[in-house]
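See structure below.
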Amino acid sequence: MEFVQQTGRRSAEVIFNRHPLAGVLQKSVAVEHPKPAARKIIPIVAVAGEARPASGDDSEVISLYEGQKKIYPRSVTGLFSKWRWALVFLTQLVFYGLPWLEWGQRQAVLFDLEARRFYIVGLVLYPQDFIYLAGILVISALTLFLFTAVAGRQWCGYACPQTVYTEIFLWLEKVTEGDRSARLRLDASLMSFNKFARKTGKQILWMALALWTGFTFVGYFTPIKELGSSFASANLGPWETFWVFFYGFATYGNAGYLREQVCKYMCPYARFQSAMFDKDTLIVTYNEARGEPRGSRSKKADPSALGLGACVDCTLCVQVCPTGIDIRQGLQYECISCAACIDVCDTVMDKMGYPRGLIRYSTQNAMTQGWGRAQVLRRVFRPRVLVYSAILLAVTTALFTSLVLRSPFRVDVDRDRASLARIVSGGHIENVYRLQVMNATESRQSYRIAATGLPGLKLVSEAEIVVNPTESRWVPVTLQLPYDAATAGSHEIHFEVEAVNAPGRVVEKSIFLVPR
């Protein structure tokens with residue numbers, strides 16, 4: 001900047017000196033405007049590694065291109081850890097075991113895309129019944145919203161597939177590489193036979209579990225026994241092969257490497273959860289009034305005499321956190337409410353002889369106003385929770401009522417576009433239709449077809465048909481009407497299809513065309 005200013009000043013002086021009145025003007029300028037004193041120029045240079053001055057907050061600047069440090073969660077035991085592992089076993093028992101259950105002569109849960117049938121235990125759904133699947137998804141979303149408003153992100157901490165598979169992969173990592181300190185030493189050490197063997201063993205276990213997970217996932221869309229036979233004989237179809245390896249690779253990458261990055265940056269639930277939180281939502285909280293000022297001390301020391309709070313600053317709550325946050329800094333969106341910090345903190349409090357609950361499940365209002373458990377429970381039934389509950393109850397009631405009243409078969413009516421209406425021998429007007437009768441039961445059914453709506457309307461095609469279990473059949477139906485029975489134009493009629501051997505009757509509307 002100084003160089004540019006000096007260069008510009010010299011150029012101005014050269015031009016000014018060449019002017020005819022330069023001498024007079026120079027004297028005038030020298031008298032009226034004395035030359036200013038030279039100013040010092042202090043360059044501003046960034047110093048690498050210089051600490052920023054304290055600004056009164058705990059904000060941290062993180063580069064978008066900074067490599068994320070690997071988190072080594074410490075193993076923890078306790079009440080909430082047992083609950084977490086119980087849900088791990090329960091969810092995986094359902095996921096891996098459900099495709100192997102049979103219902104009658106078929107797989108109990110099967111989404112057969114090729115045959116366009118969805119089998120859910122005794123329920124058979126067609127593509128036209130997609131509203132039921134949409135209803136199930138709506139109920140699941142509303143349940144998640146309601147649970148989040150009441151209990152925070154405990155779904156994330158206990159039953160989310162990302163959390164569940166991360167727990168399993170971390171356990172396999174612990175089995176092959178050791179606990180947290182052993183893994184830290186192993187990763188910091190140079191490559192050796194021991195390190196290579198442990199890393200290789202971990203990768204083999206990870207890939208085997210991921211592949212089995214992908215195989216099970218595809219088993220919900222292709223009968224799993226047929227899929228197993230094809231997989232064993234290396235005769236998988238192209239799309240089965242793609243999805244087995246794609247879902248297996250996703251499990252391997254998300255649970256083995258991305259881990260907390262999925263929860264922090266990829267999962268949208270972590271972002272919009274704040275819309276469902278309020279100050280009465282149950283979250284993992286740190287009792288700052290009791291814990292601060294924190295500091296280490298001996299077990300026999302009196303914290304009040306030392307001017308210290310209950311927190312011994314052991315940092316174990318940070319070491320056990322799967323997302324690597326410090327819960328003592330307050331509520332953070334990265335917290336998945338897994339309660340690992342509660343378990344380890346209670347263990348430390350027991351060893352120190354202090355009361356438990358320095359870190360616990362509570363609400364912001366309870367922490368700031370000193371509420372007890374009874375007051376927290378009374379705040380559960382607040383307007384937001386009641387609205388979620390009412391909507392969830394209404395949608396669930398409507399869905400199950402519709403399922404109970406659902407007809408065991410469906411009928412669709414299509415007009416024959418080749419011949420909308422024609423006059424046939426005998427002076428009759430003929431319309432041709434195609435009826436699709438879908439049998440939603442798992443037994444062979446007979447159906448009787450009739451048509452009403454116009455005087456003299458009669459069915460001249462087959463009046464009774466048979467449809468195999470969980471199949472559909474297209475049936476051509478021909479209707480005739482005397483020529484003088486109706487005026488020219490379109491007239492509303494109704495097809496009545498009734499099950500012969502079972503209760504059920506479906507009425508579908510159509511039109512009968514009378515030409516001019």
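Points worth noting:
- Sites ARG180 and SER402 - FRET efficiency at Förster radius 41 Å, r taken between beta-carbons, to 0.05: 0.20
- When the chain is described by a simple charge dipole with +1 on each Lys and Arg Cβ and -1 on each Asp and Glu Cβ, the residue from LEU227, PHE145, MET367 located farthest towards its positive end is MET367.
- Extension reserve of the ALA502-TYR72 stretch, reckoned as 0.36 nm per residue once the Cα distance is removed: 148.6 nm
- Note on the chain: Cα Rg divided by 2.2 N^0.38 Å, N the number of residues, gives 1.59.
- Unit charges on C-beta of K, R, D, E only; dipole of the chain, Debye: 1840 debye
- Residue order by solvent-accessible surface for GLU177, GLU292 is GLU292, GLU177, largest first, with ligands and nucleic acids left out and a 1.4 Å probe.
- Taking 0.36 nm per residue of separation and subtracting the current Cα-Cα distance, fully stretching the chain between SER443 and ARG417 would add 6.1 nm.
- A simple spin-label model places the labels of GLU114 and TRP85 4.2 nm from each other, with each point 7 Å out along Cα-to-Cβ.
- Residue list for region 318-337, given a label point 7 angstrom along the Cα-to-Cβ vector of LYS351 and an amide N cut-off under 16 Å: 318-321
- Pairwise centroid distance, computed over Cα atoms, of region 298-332 with region 244-269, Å: 31 Å
- Estimated distance in nm for a label pair at LYS199 and ARG382, the labels positioned 7 Å out from Cα along Cα-to-Cβ: 5.0 nm
- Net lengthening on full extension, ALA305/ILE131 (0.36 nm per residue, minus Cα-Cα): 55.9 nm
- The chain, accessible surface, carbon-and-sulfur percent (1.4 angstrom probe): 62 percent
- Accessible area per residue, Å², the chain with all protein chains present, probe 1.4 Å: 60 Å²
The values are calculated or read from the model by the stated rules, or taken from the named source; none is laboratory data. Remember, predicted model here, so these are calculated numbers, not experimental data. Don't worry about glycine lacking a Cβ; one is built from the backbone with ideal geometry, like all the others, and counts go over all protein chains shown. Note: accessible area is taken over every heavy atom of the protein model, side chains too, but ligands, DNA and RNA are not part of it. Shrake-Rupley method; radii C 1.70, N 1.55, O 1.52, S 1.80 Å.
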